[in-house]
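To start, the structure itself, in structure tokens.
The values are calculated or read from the model by the stated rules, or taken from the named source; none is laboratory data. All values derive from a computational prediction rather than experimental measurement. Heads up, the Cβs are rebuilt from the backbone with ideal geometry, glycines too, and the neighbour counts pull from every protein chain shown. Areas reflect the complete protein model, heavy atoms only, side chains present, ligands, DNA and RNA absent. Shrake-Rupley method; radii C 1.70, N 1.55, O 1.52, S 1.80 Å.
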Amino acid sequence: LLRILFFSAAANAALWSHADEGRTLRDIAYAPENGRFGLGDLYLPQRVTGETPVVLSIHGGGWSGGDRYSWSGVAEFFRRELGCAVFNIEYRLASAANRWPACGDDCVKAAKWLFSDAFRGHAGFSPEKIWICGGSAGGHLTLWTLVNMPPEKVALAVSISSIGEPEPDFRV
């Protein structure tokens, strides 16, 4: 039993200890027509291959606030602890000029951009599938992106503290 515990501890330490610093490419345009709301930061691990998981990272903020910097810790976690490439994006915030589903459409556009030659030029590889992760409003946008992408293009979606239907929040 002691050998099994030591083996398990060693395997777990090896899995979680690579703490990849990598590099971050700032202000990459996936939707240049949206100005600063069409930008993202690309977090790349030191070593990338065709097998490197790619995560679309979507911040929260009630659809009308927040920014990618508030969600950068999550992007860093995916890169450092899991060895993922992460595209941490801005999207058009909800306003009279940017009504629903503008922010959702931006997230889908960012997801599709991850399969483009432009992404390949920055990252040095192309994914076969992506992961999507967001929290709060970003969690809702994760679900929106998931259902608006071809199923064969998404390997994983993590929606943290989201709601599936935003309309009841606006009635309060």
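Please verify whether segment 56-65 includes one or more residues that are surrounded by fewer than 24 Cβ atoms within 10 Å (Cβ to Cβ) and of a type in the set (S, T, Y).
Looking for residues that are surrounded by fewer than 24 Cβ atoms within 10 Å (Cβ to Cβ) and of a type in the set (S, T, Y), one finds at least one in segment 56-65, hence yes.
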In segment 66-79, how many are open to solvent by 30 Å² or more (accessible area, probe 1.4 Å) and in contact with a Phe, Trp or Tyr (Cβ under 9 Å, 6 or more places away or on another chain)? 2
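Yes/no per residue for (1) at pLDDT 95 or above; (2) at negative phi:
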residue	(1), (2)
W113	yes, yes
D117	yes, yes
K129	yes, yes
I132	yes, yes
T145	yes, yes
S161	no, no
E165	no, yes
P168	no, yes
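For the condition among the aromatic types (F, W, Y) and in contact with a strand residue (DSSP E or B) (Cβ under 7 Å, 6 or more places away or on another chain), what is the one hit in Y43, Y91? I'd like the intermediate steps shown before the answer.
Values: Y91 fails: in contact with a strand residue (DSSP E or B) (Cβ under 7 Å, 6 or more places away or on another chain).
None of the others qualify; the one that does is Y43.
Would you mind stating whether G40 is over 15 Å from the mean Cα position of the chain (by Cα) and under 23 Å from S161 (Cα atoms)? Show your work before the answer.
Values: over 15 Å from the mean Cα position of the chain (by Cα): no; under 23 Å from S161 (Cα atoms): yes.
Considered against the rule, which asks whether it is over 15 Å from the mean Cα position of the chain (by Cα) and under 23 Å from S161 (Cα atoms), G40 comes out as no.
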Could you count how many residues in segment 80-94 are open to solvent by less than 20 Å² (accessible area, probe 1.4 Å) and over 21 Å from G65 (Cβ atoms)? 4
Total residues in segment 95-117, condition free of Cβ contacts under 8 Å to residues at least 40 places away in the same chain, open to solvent by 40 Å² or more (accessible area, probe 1.4 Å) and within 18 Å of the chain's Cα centre (by Cα): 3
May I ask you to say which residue of A110, A94 is over 19 Å from A155 (Cα atoms) and of a type in the set (A, V, I, L, M, F, W, C)? A94
Cβ-Cβ distance below 9 Å, separation of 6 or more or different chains: which pairs start in segment 68-94 with a residue that is within 12 Å of L42 (Cβ to Cβ) and end on one that is of a type in the set (K, R) and assigned to a helix (DSSP H, G or I)? A75/R68; A85/R79; V86/R79; N88/R68; I89/R68
